[in-house]
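The values are calculated or read from the model by the stated rules, or taken from the named source; none is laboratory data. All of these numbers come straight from a predicted model, not from anything done at the bench. Positions of Cβ are generated from backbone atoms using ideal geometry, with glycine treated the same way; all protein chains shown enter the neighbour counts.
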Amino acid sequence: MKKWIPAAAGLVTGLMAATVFFADFSPGPTGEAAKDTANKSNAEKVYVPFGEKDDYYLFASGGHSGQMFIYGVPSMRHIRTVPVFSPDSATGYGFDTHSKEMMGGYTWGDLHHPAFSETDGDYDGKYMFATDVGNSRAAAMNLETFTVRDIINVPNTSGPHCAAFVTQNTEYMFLPTRFAVPIGSEYADLDDYSTKYRGVMSAVTFDQNKEKLNIAYQVALPPWSYDLSDAGKKMSADWAVMTTYNTEEATTNLEINASQADRDFIVLFNWKELEKMVADGQYDDVTGQKMIFPEKHKGGIYLVPVAKSPHGVDVTPDGTRFIASGKLAPAMTVFSFEKAFAAIEAQDFSGERNGIPIINYDSIVEREVNPENALGPLHTQFDDKGMAYTTMFITSEIVKWDPNTGETLDRVPVQYSPGHSVAAEGDTVAPDGKYLVALNKIAKDSYLSVGPSHPESMQLIDISGKMEVIQSAPVNPEPHYAQMIKADKIKTITVYPKDEKNPNATYEQDKTKIVRNGNKVDVYGIAMRSKFIFDSKAKRPDTIEVNEGDHVTIHLTNIDFDQDITHGFAINGYDLNIEVQPGQVNTVEFVADKAGTFPLYCTNFCSALHQEMTGYFLVKPK
Ligand code: CUK
Ligand code: CUA
């Protein structure tokens, strides 16, 4: 706008021009005043008064912290960190016998994608699953206690990245690998990559009664990188999809070499059919696993060409479509499941790779969506009306669009570079709408500086009307994905129920004892406000005395059946600390390899006399 008023302008024209002029140069009340108004209404939207609770739990993956971060929405308050793949002294995780055994000797993990257990395509609030890209593991967390109950190593796979995603009734979670390796990770020359390497996908089941994960079967896919995946829903419930890149089979400088081909693939597979093939013996026994080789055991797996180097792929809540996003192509590609089924039926294939049929792209694509100037689409979530929300990594925004028409409906900038976003109940057959959280990779200037490296950022977006960022929370490295569940679906327990059959439990003080058997010492003790009792008949019931070199096992029962009265147990200088939650029985084992006098104490502040909750661990020298 120029300061131009026609010389011949009358009063009215002049006023109009002046109005336009003013409007152009000061867009409404700007500066501090406007900020205040906006912040007040946003503050109200996210304010959860003391005594009231948040509406949603947000489970954010902790990336290479190996942990899970639990936040409340809309307050965006960090409530808890639950260790999954990494030891955590705050909760004694990785120190007590069970969690140490689950840890399998590893000291870290890389947790990318959490997934709730589902019943009829809806989060049921019972379990949370996750995989470890760093050390190829899978875990199941019980949501009554927010503790991990089982971890398995996934053989033949290196870096199950795009998992976990679960089928509609938690029949399976599928763990495709990010890195191709020879089966069993044996040595093979990289010149033999195309013939000897494989990208193995594992179908993992979970037995809720035994709380055990198990590998049902594996599929030896071509040696490509498998990126993101999603399970089908409703009409596509028997199917699952995943993206793959490096179909060039590059073995070095992937940045360039894995980005050559114009098209990579989506892998579409029918897990019901794979299940049937396994039941019919159509697999090879490989390193103790049932391995399907697609070039030999035909059926159930198809390829769909997609714009180069795709990242995310997401199934719409109604299960009719799957949408792939291209990190190098600025497009979201919408495919129809119905058309895909018809193409498979008609064998409408354009060729094959490694024995897997390639479905004719044109037969099943609905549209390619390119919102204007939007770059770096990564992941898509959905609201209650089926509208799509795609994160744009490069242009740092969320774009809302209509999968039915491809029309762009809204967009909002986020700070900065979002990877995933997560919608309330976003991966169910019936998302809630209402909220979306952008998981931003780069916070830059958002918070008080903590040095050259900054926290990541999660921004809460109100999606009930025009998208608006209403809250922002710093978060430790590094949430990749998250899921958001209605708070009332999660039913935690307040104390562990008495388990009279547990041979290690000691609920009565006069049953405490220290049992010696050669150089093996078993302590059956109690933790209570505000003392330890290891042997009630001893002169000093809170002392444990052993000989140097003894193998010591301490079974500790917390007999405070009272909400939030957690005790800890640490031995000074012995590098161990465990936790016993109310009513819980926990065990720690170690060798008393250092002679001397070591105070033991409760690490978790439990009463006014918490400081007095101490004793001695005496180790007589040899
Ligand atoms: S990945 Cu991190 S932004 Cu592991 Cu889901 Cu896409
Ligand atoms: Cu028990 Cu502090």
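Numbers for the structure displayed
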read-out: Matching residues, the stretch 400-421, being crowded, with 18+ Cβ neighbours inside 10 Å and more than 16 Å from ligand 1 (Cβ to nearest atom); value: LYS400, TRP401, PRO403, ARG411, VAL412
read-out: Scan of the stretch 581-622 for residues that are surrounded by fewer than 16 Cβ atoms within 10 Å (Cβ to Cβ), of a type in the set (A, V, I, L, M, F, W, C) and more than 20 Å from ARG540 (Cα to Cα), ordered by number; value: VAL591, PHE605, ALA608
read-out: Cβ pairs under 7 Å, 6+ apart, first in the stretch 281-303 and at positive phi, second surrounded by 19 or more Cβ atoms within 10 Å (Cβ to Cβ) and among the hydrophobic types (A, V, I, L, M, F, W, C); value: THR287/ILE183; GLY299/MET277; GLY300/PHE269; GLY300/LEU274; GLY300/MET277
read-out: Conditions (1) closer than 25 Å to LYS234 by Cα; (2) within 16 Å of ligand 1 (Cβ to nearest atom); number of the one not met by ILE490; value: (2)
read-out: Test for TYR123: is it assigned to a strand (DSSP E or B), crowded, with 18+ Cβ neighbours inside 10 Å, of a type in the set (Phe, Trp, Tyr) and more than 16 Å from ligand 1 (Cβ to nearest atom); value: yes
read-out: Residue tally, condition in a loop (DSSP other than H, G, I, E, B), within 14 Å of ligand 1 (Cβ to nearest atom) and touching a Leu at 6+ places or on another chain (Cβ under 9 Å), over the stretch 156-198; value: 7
read-out: Count of residues meeting criterion [in contact with a Lys or Arg (Cβ under 9 Å, 6 or more places away or on another chain) and either within 16 Å of ligand 2 (Cβ to nearest atom) or not in a strand (DSSP E or B) (or both)] in the stretch 582-591; value: 2
read-out: Those residues of the stretch 257-287 which are in a loop (DSSP other than H, G, I, E, B) and at pLDDT 95 or above, in sequence order; value: ASP280, GLY281, GLN282, TYR283
read-out: Output for the stretch 240-264, where each listed residue is at positive phi and out of contact with any strand residue (DSSP E or B) (no Cβ under 7 Å at 6 or more places or on another chain); value: GLU249, ASN253
read-out: Matching option when the condition is in a strand (DSSP E or B) and either surrounded by 13 or more Cβ atoms within 10 Å (Cβ to Cβ) or within 16 Å of ligand 2 (Cβ to nearest atom) (or both), among ILE485, ILE565; value: ILE485
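For every residue, the table says whether it meets (1) out of contact with any strand residue (DSSP E or B) (no Cβ under 8 Å at 6 or more places or on another chain); (2) without any contact (Cβ under 8 Å) to a residue 40 or more places away in the chain; (3) surrounded by fewer than 22 Cβ atoms within 10 Å (Cβ to Cβ).
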residue: LYS511; (1), (2), (3): no, yes, yes
residue: VAL515; (1), (2), (3): no, yes, yes
residue: ILE526; (1), (2), (3): no, yes, no
residue: SER530; (1), (2), (3): yes, no, yes
residue: PHE534; (1), (2), (3): no, no, no
residue: ALA538; (1), (2), (3): no, yes, yes
residue: PHE561; (1), (2), (3): yes, no, yes
residue: ILE571; (1), (2), (3): no, no, no
residue: GLU579; (1), (2), (3): no, no, no
